[in-house]
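**Q** One structure follows; several queries about it will come next.
Nothing in this text is a laboratory measurement; each read-out follows from the coordinates by a stated rule. As the structure is a prediction and not an experimental result, all values here were calculated from the model. Because the Cβ atoms are built from the backbone with ideal geometry, glycine has one as well, and the counts that use them run over all protein chains shown.
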Amino acid sequence: MKNKIISLLAFLQSKRGEMKKSQYKIWLRAFLLIQFSIIFSLYFSHDIAAGYFTWEKVALITLLFLPIGFLMSYIVPMQANLEIRAVTLSLDKIYLFLIWFLVIFKLLASYYYHATTVADVIMCIILGLMGGRLGGIGIRVRKLKIQHHFIAS
């Protein structure tokens, strides 16, 4: 059992450089956005059926926070790695803290304070930030790849 764990850790360590490449990071962010969207849609459906919120408000608030998420994509550390001909992304601690803060605040708002509308607004904010940031990262990565001739325009 111990050997399996050591070999798994060695495998993950060998793949660490691969996982920093933009394509993997973008797919991971897209997967997280899809997961959050599905989970939050279930909450929205329940709250809308109960009369607390509307789909129009979901769309409006989410769209309002897309540009903010897009602007947040500019603080994501990324660089073109000429050796492996790929763009690598690093962890954005500000975004990570913000999303965790919002998720915890959403849980507190819904379960402890029973402020359903506040929880719904927070979920819209999270989706807007995640979607805008993902789009901004995709655009920045593409520009870097074109700039360093990793892909043709």
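**Q** How many lysine pairs in the chain, separated by 8 or more positions in sequence or lying on different chains, have Cα atoms less than 27 Å apart?
**A** Eligible lysine pairs with Cα atoms under 27 Å apart amount to 23.
**Q** Using mean Cβ contacts within 10 Å as the protection proxy, how do 129-139, 72-82, 91-101 order, highest first?
**A** Order by mean packing, descending: 129-139, 72-82, 91-101.
**Q** With N denoting the number of residues in the chain, provide Rg(C-alpha) divided by 2.2 N^0.38 Å, to two decimal places.
**A** 1.26
**Q** Return the calculated 222 nm mean residue ellipticity for the chain, to the nearest 500 deg cm²/dmol, obtained by summing -39500 (n - 2.57) across DSSP H runs with n ≥ 4 and dividing by the residue count.
**A** My calculation for the chain gives -24500 deg cm²/dmol from helical runs alone.
**Q** Count the net charge of all other residues whose Cβ sits under 15 Å from the Cβ of Val121, scoring Lys and Arg as +1 and Asp and Glu as -1.
**A** With Lys, Arg at +1 and Asp, Glu at -1, the net is -1.
**Q** Using the beta-carbon distance between Arg85 and Lys4 and R0 = 41 Å, what value does 1/(1 + (r/R0)^6) give for FRET efficiency, to the nearest 0.05?
**A** 0.75
**Q** Helices from the chain with mean Kyte-Doolittle at least 1.6 and a Cα length along the axis of 24 Å or more, per DSSP H: which?
**A** 55-72
**Q** Relative contact order, percent, of segment 31-147 when contacts are C-alpha pairs under 8 Å separated by at least 6 residues?
**A** 39 percent
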